[in-house]
Structures are given as structure tokens and as C-alpha cells.
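Trainee: This is the structure I want to talk about, given as C-alpha cells.
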Amino acid sequence: MNISVNTDGARAKLSAMRRIAGSGAGAPPSAALYQLTDWGSKTLRAILTSGILNTRTGHLKRNTDMVVLKGPPVGIMLGTGVGGKKEVKYARIHEQGGEIRPTNAGALTVPLPGVKGVAANYAGIFMLKREGKAPLLCVDEGPKKGLRPLFVLQKKVTMPARHWFSRPIRQMRPELDRMLEAAELWRIAQALGD
């Protein structure tokens with residue numbers, strides 16, 4: 001899952017800046033790349049630290065990155081599967097929500113609160129059937145502690161949309177618009193010596 005930022009308006013502003021500065025039709029000024037990189041870094045940090053997702057393994061966070069496209073056209077790409085990171089299959093369902101059904105088993109193993117990892121990681125795990133309720137996967141922790149339920153088995157799970165990706169981008173979008181205004185680009189270009 002990834003998103004690209006449309007920089008059509010910024011390209012028009014950059015073209016006007018080039019004409020004003022008399023720099024011709026070469027690569028875009030480093031000011032725009034500087035601003036896109038800065039915004040992308042801030043937005044990526046907002047995505048990764050938003051707290052919207054409950055992190056169990058960190059796989060989704062580890063594989064979310066950004067790439068600045070130096071063009072033409074100039075742009076930025078944020079998401080999983082960019083910047084040499086792996087595409088994360090479940091990123092979209094965390095973003096948009098939906099129904100999850102098992103594909104290779106008879107049921108989904110849904111971890112109970114405080115449980116890390118997957119059922120296969122637990123030695124001695126067994127199924128406890130309950131009348132009128134979904135079965136549990138448990139481990140026996142001995143005579144003093146007894147049974148510890150780890151997972152509940154479900155035929156399907158409806159996951160709500162969490163907008164872990166789009167919410168921080170929406171919140172940061174006004175900052176991008178401000179950063180790509182012609183006057184701001186011109187100020188950055190002068191500071192960078194463009």
C-alpha cells in the first residue's frame with residue numbers, strides 16, 4: 001500500500017520560479033526537494049508514532065517508508081513496499097477495515113490481550129471447546145497457575161477502519177501546501193543558495 005503526493009501545483013510554481021530565476025528547464029530547484037523531504041520525514045514520523053495501531057510484531061511499522069521522486073515529475077511516495085521495504089499485505093485492511101476469513105485453516109486464531117506472537121510459538125497449546133462460545137487455544141501453566149487462554153478461534157473477524165496511514169497524511173497536508181507556496185520555496189531556495 002502506498003500513496004503518492006500530486007505535485008502538479010508545485011511544478012507550476014517551480015516552473016515560475018525557474019523563469020524568475022532564469023535557470024532554464026533543468027532539474028527542479030533543490031528547495032522543492034528539500035521541502036518534500038522535510039514534509040515526508042515529518043509525515044512518516046507522524047504515521048509511525050500516531051498510536052493508532054496496536055503494535056504486536058512491528059512488521060507494518062518496519063516496512064513503512066518514504067521515497068522522494070526527483071523527477072520529472074517531482075513527488076514523494078509514502079507507504080509499505082517503497083524505499084526497499086516489503087509490501088505488507090494487511091496494511092490495507094488496517095487502513096480501510098473489512099472482513100477477514102481464514103484461507104489456509106478452519107478458523108482464525110485471534111490473540112487475547114497481552115498475548116504476543118502466533119499460536120505455533122507456544123509449546124503444549126491445546127484447544128478448549130466451550131458450549132455456545134468460540135473455542136480457545138490454551139496452555140497449561142502447571143498446578144498453581146492452571147490454564148492460560150491465549151487465542152480465541154473465530155470463523156471470521158470484522159476489522160474496523162483505523163486510518164493509520166491516511167489520518168496523519170490528512171493532518172500533515174496543510175503543512176505541505178504551505179511548504180510548497182512559491183514565496184516559501186523562494187525563501188528556501190535563497191537559503192540553500194539556488
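Trainee: If the Cβ limit is 9 Å and pairs must be 6+ apart or interchain, which residue in the stretch 127-152 that is farther than 17 Å from VAL115 by Cα and small (Gly, Ala, Ser) pairs with which residue that is assigned to a strand (DSSP E or B) and open to solvent by less than 90 Å² (accessible area, probe 1.4 Å)?
Mentor: ALA134/VAL110; ALA134/VAL152; ALA134/LEU153; ALA134/GLN154
Trainee: Filter the stretch 161-194 down to residues that are open to solvent by 80 Å² or more (accessible area, probe 1.4 Å) and in a loop (DSSP other than H, G, I, E, B) and give me whichever is modelled with the highest pLDDT.
Mentor: GLU181
Trainee: Still on this model: Looking at VAL82, VAL88, VAL74, which is the one that is in contact with a strand residue (DSSP E or B) (Cβ under 6 Å, 6 or more places away or on another chain), touching a residue at least 60 places away in the same chain (Cβ under 8 Å) and farther than 26 Å from ASN121 by Cβ?
Mentor: Result of the check over VAL82, VAL88, VAL74: VAL82.
Trainee: Among the residues of the stretch 111-125, are any out of contact with any Phe, Trp or Tyr (no Cβ under 8 Å at 6 or more places or on another chain), over 24 Å from ASP38 (Cβ atoms), of a type in the set (Lys, Arg) and open to solvent by 70 Å² or more (accessible area, probe 1.4 Å)?
Mentor: yes
Trainee: Pick from the stretch 41-83 the residues that are under 17 Å from ARG167 (Cβ atoms) and of a type in the set (D, E, K, R): which of them is most open to solvent (accessible area, probe 1.4 Å)? Give the derivation first.
Mentor: If we filter the stretch 41-83 for residues that are under 17 Å from ARG167 (Cβ atoms), which is where we start, we get 42-55, 60-61, 64, 66, 78-80.
Now narrow it down to the ones that are of a type in the set (D, E, K, R): 42, 45, 61.
Working: LYS42: 71, ARG45: 134, LYS61: 80 Å².
Looking at the filtered set, the residue picked out is ARG45.
Trainee: Does the stretch 35-50 hold any residues that are among the aliphatic types (A, V, I, L, M) and free of Cβ contacts under 8 Å to residues at least 40 places away in the same chain, and which are they?
Mentor: Our first condition is that a residue be among the aliphatic types (A, V, I, L, M); within the stretch 35-50, this holds for 36, 44, 46-48.
Answer for the stretch 35-50, where residues must be among the aliphatic types (A, V, I, L, M) and free of Cβ contacts under 8 Å to residues at least 40 places away in the same chain: LEU44, LEU48.
Trainee: While we're on this one: Counting only residues that are open to solvent by 60 Å² or more (accessible area, probe 1.4 Å) and among the aliphatic types (A, V, I, L, M), how many does the stretch 129-158 have?
Mentor: So the answer is 1.
Trainee: Let me ask another. Return the only residue of GLU99, GLU95 being over 29 Å from GLN35 (Cα atoms), of a type in the set (Asp, Glu) and in contact (Cβ under 8 Å) with a residue 24 or more places away in the chain. Spell out how you get there, then give the answer.
Mentor: On the way: GLU95 fails: over 29 Å from GLN35 (Cα atoms).
The unique qualifying residue is GLU99.
Trainee: Return yes when ILE76 is at pLDDT below 90 and either of a type in the set (A, V, I, L, M) or touching a Cys at 6+ places or on another chain (Cβ under 6 Å) (or both) and no when it is not. Show your work before the answer.
Mentor: On the way: at pLDDT below 90: yes; either of a type in the set (A, V, I, L, M) or touching a Cys at 6+ places or on another chain (Cβ under 6 Å) (or both): yes.
Here the answer is yes, as ILE76 does meet what is asked.
Trainee: Still on this structure, I have one more. Just need a number here: residues in the stretch 17-40 that are surrounded by fewer than 18 Cβ atoms within 10 Å (Cβ to Cβ), out of contact with any strand residue (DSSP E or B) (no Cβ under 6 Å at 6 or more places or on another chain) and modelled with pLDDT of 50 or more. Steps first, please.
Mentor: Of the stretch 17-40, the ones surrounded by fewer than 18 Cβ atoms within 10 Å (Cβ to Cβ) are 18-27, 30, 37-38.
Now drop any that are not out of contact with any strand residue (DSSP E or B) (no Cβ under 6 Å at 6 or more places or on another chain), which leaves 18-27, 30, 38.
From what's left, modelled with pLDDT of 50 or more: 30, 38.
Count: 2.
Trainee: Take the residues in the stretch 45-68 that are part of a loop (DSSP other than H, G, I, E, B) and of a type in the set (S, T, N, Q); name whichever of them is nearest to the chain's Cα centre (by Cα).
Mentor: ASN63
Trainee: Among the residues in the stretch 172-184, are any among the small types (Gly, Ala, Ser), touching a residue at least 24 places away in the same chain (Cβ under 8 Å) and more than 30 Å from GLN96 (Cβ to Cβ)?
Mentor: First pass over the stretch 172-184, keeping only residues among the small types (Gly, Ala, Ser): 182-183.
Remaining after also requiring touching a residue at least 24 places away in the same chain (Cβ under 8 Å): 182.
Now restrict to residues that are more than 30 Å from GLN96 (Cβ to Cβ): 182.
Yes.
The values are calculated or read from the model by the stated rules, or taken from the named source; none is laboratory data. Computed from a prediction, not measured in an experiment: that's the story for all the values here. Glycine gets a Cβ as well: all are built from the backbone with ideal geometry, and neighbour counts include every protein chain shown. The accessibility values were calculated without ligands, DNA or RNA, using every heavy atom of the protein model including side chains. Shrake-Rupley method; radii C 1.70, N 1.55, O 1.52, S 1.80 Å.
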